[in-house]
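Below is one structure. I have some questions about it.
The values are calculated or read from the model by the stated rules, or taken from the named source; none is laboratory data. Bear in mind the structure is a predicted one, so any value in this text is a computation, not a measurement. With ideal geometry, Cβ positions are generated from the backbone for all residues, glycine too; neighbour counts draw on all protein chains shown.
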Amino acid sequence: MNTVDLVIGIDIGGTKTKIGLVDKAGNCLSQMYFRTKDHPDLDTYLEEVKRSVDGLMQELPQKPNILGCGIGAPNASSKRGTIENAANLLWKGSVPILEKLKEKMPMPMRLMNDASAAALGEMLFGSGKNMTDFIVITLGTGFGAGIVANGKLIDGYDGFAGELGHVDMTVGDGRLTGLGVRGGLEAYVSATGLKRTIMYLQSKYMDDSRFRNIAYNDLHGEDITKAAEEGDVIALKAFDYTARMMALALANFTAFTQPEAFILMGGLTNSGKWIMEPLNKYFNEFLLEVYKGKVKIVTSGMPGKTAAICGAAALIWENHR
């Protein structure tokens, strides 16, 4: 039987853990997911990861030659192999996830902040292929950022560079992020932040809206997009509010490294024009004159459902080019 070189990509999200087998071209040949929060015990969680990987390998028509495993996770230190006090995960403190998973799956393994892994994925497989300066923004349960400057991923002294979701946007007078930062960006600009904005706007305005009869926990991003398509005033205001906050943040971040582009990925980007049109409008308003017309906002060049998996796999593929 012929063999095929593959890398295991694992994206640990606050809601879902996505796992896939990725080839050298960035194609995810087999994938699955399970709910992260269904496994509050770390050991049980890692057993589920191993079970899932074994299942994926059995599905393949060719015998896989596994080169290693890349893991993207929030608040992950690439230097220590730990997840540190992640706001959207149930395991608190310093979690030695790399060491523990290697015990169950002995192989070359790398861990990195999920957004930084996504940036590496865009550089190898996606929209960043021909760029040396760009910032990947992940818009899922939280807000993550992976920064590439002068062709190099900015990892930081301790592996925590790019925690831009916890930049205070309101000078200490706003919503709390999961890490307790008042007015932090991800409390506004994320799938969760959009839901919080819907609730806020309903208290501020009296417009009729489908959301007045929906509890917070029953509200989903796709519902907000559908409502915008139907002209729901609260939904349209929510996208405008979110886009304005994100545009101000991206304009500020431009001054750090002057990226050629911001590459957006994650659930919030599925809202399409409802988020992208006001975002581009406000972004061009907020940019310093010297940057106007020089910075693009684009979406991920990796397939949406597997982008985070491919980003994680890029941690290993980077060493096999």
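Report the residue count in the stretch 263-308 for those that are over 26 Å from ALA235 (Cβ atoms), β-branched (Val, Ile, Thr) and at pLDDT below 95.
1
Suppose we filter GLY140, GLY165 for residues that are surrounded by 24 or more Cβ atoms within 10 Å (Cβ to Cβ), in contact (Cβ under 8 Å) with a residue 60 or more places away in the chain and either within 12 Å of the chain's Cα centre (by Cα) or at positive phi (or both); which single one remains? Full working, then the answer.
On the way: GLY165 fails: in contact (Cβ under 8 Å) with a residue 60 or more places away in the chain.
From the options GLY140, GLY165, the qualifying one is GLY140.
Same structure, new question: From the set of residues in the stretch 190-207 that are touching a residue at least 24 places away in the same chain (Cβ under 8 Å) and over 12 Å from LYS237 (Cβ atoms), which is surrounded by the most Cβ atoms within 10 Å (Cβ to Cβ)?
Of everything passing the filter in the stretch 190-207, SER190 is surrounded by the most Cβ atoms within 10 Å (Cβ to Cβ).
Additional query: Output the residue which, of all residues in the stretch 168-186 that are aliphatic (A, V, I, L, M) and at pLDDT below 95, is nearest to ASN88 (Cα to Cα). Give the derivation first.
Step one: of the stretch 168-186, the residues aliphatic (A, V, I, L, M) are 169, 171, 176, 179, 181, 185.
Remaining after also requiring at pLDDT below 95: 169, 171, 176, 179, 181.
Numbers: MET169: 20, VAL171: 23, LEU176: 13, LEU179: 9, VAL181: 14 Å.
Ranking the candidates gives LEU179 first.
Please enumerate the residues belonging to the stretch 178-234 that are β-branched (Val, Ile, Thr) and assigned to a helix (DSSP H, G or I).
Quick first cut of the stretch 178-234, residues β-branched (Val, Ile, Thr) only: 181, 189, 192, 197-198, 214, 224-225, 233-234.
Correct list: THR192, THR197, ILE198, ILE224, THR225, VAL233, ILE234.
Return the pair list, or none, for Cβ contacts closer than 7 Å from residues in the stretch 39-57 that are under 16 Å from ILE83 (Cα atoms) to residues that are in a loop (DSSP other than H, G, I, E, B), at least 6 apart or on different chains.
PRO40/LEU90; LEU42/TRP91; TYR45/HIS39
Same structure again: Would you please list the contacts, defined by Cβ atoms under 6 Å and residues six or more apart or on different chains, that run from a residue in the stretch 8-23 that is in contact (Cβ under 8 Å) with a residue 24 or more places away in the chain to a residue that is basic (Lys, Arg)?
ASP11/LYS18
Let me ask something additional. Find all pairs meeting these conditions: Cβ atoms under 6 angstrom apart; at least six residues apart or on different chains; first residue within the stretch 301-315 and not assigned by TED's automatic domain parsing to the domain that holds GLY146; second residue crowded, with 24+ Cβ neighbours inside 10 Å and modelled with pLDDT under 90.
Pairs that qualify, where the first residue is not assigned by TED's automatic domain parsing to the domain that holds GLY146 and the partner is crowded, with 24+ Cβ neighbours inside 10 Å and modelled with pLDDT under 90, are CYS310/MET302.
Also, quick follow-up: Is it the case that THR3 is surrounded by fewer than 14 Cβ atoms within 10 Å (Cβ to Cβ), of a type in the set (Ser, Thr, Tyr) and touching a strand residue (DSSP E or B) at 6+ places or on another chain (Cβ under 9 Å)? So that I can check it myself, show each step before the final result.
Values: surrounded by fewer than 14 Cβ atoms within 10 Å (Cβ to Cβ): yes; of a type in the set (Ser, Thr, Tyr): yes; touching a strand residue (DSSP E or B) at 6+ places or on another chain (Cβ under 9 Å): yes.
Judged against the criteria, THR3 is a match.
For ARG80, are the conditions met, namely being surrounded by 15 or more Cβ atoms within 10 Å (Cβ to Cβ) and modelled with pLDDT of 90 or more? Talk me through it step by step, then tell me what you get.
Numbers: surrounded by 15 or more Cβ atoms within 10 Å (Cβ to Cβ): yes; modelled with pLDDT of 90 or more: yes.
So ARG80 passes the test.
Something else now. Those residues that are of a type in the set (Asp, Glu), assigned to a loop (DSSP other than H, G, I, E, B) and over 20 Å from TRP317 (Cα atoms), I need them from the stretch 2-59; list them, please. Before you say what the answer is, go through the steps one by one.
Initially, the stretch 2-59 is screened for residues of a type in the set (Asp, Glu), giving 5, 11, 23, 38, 41, 43, 47-48, 54, 59.
From what's left, assigned to a loop (DSSP other than H, G, I, E, B): 23, 41.
Listed by number, the list holds a single entry, ASP41.
Any residue in the stretch 83-98 that is of a type in the set (Val, Ile, Thr), out of contact with any Gly (no Cβ under 8 Å at 6 or more places or on another chain) and buried (at least 23 other Cβ atoms within 10 Å of the Cβ)?
Here is the first cut: in the stretch 83-98, the residues of a type in the set (Val, Ile, Thr) are 83, 95, 97.
With the extra rule that they be out of contact with any Gly (no Cβ under 8 Å at 6 or more places or on another chain), the set shrinks to 83, 95.
Now restrict to residues that are buried (at least 23 other Cβ atoms within 10 Å of the Cβ): 83.
Among the residues of the stretch 83-98, at least one is of a type in the set (Val, Ile, Thr), out of contact with any Gly (no Cβ under 8 Å at 6 or more places or on another chain) and buried (at least 23 other Cβ atoms within 10 Å of the Cβ), which makes the answer yes.
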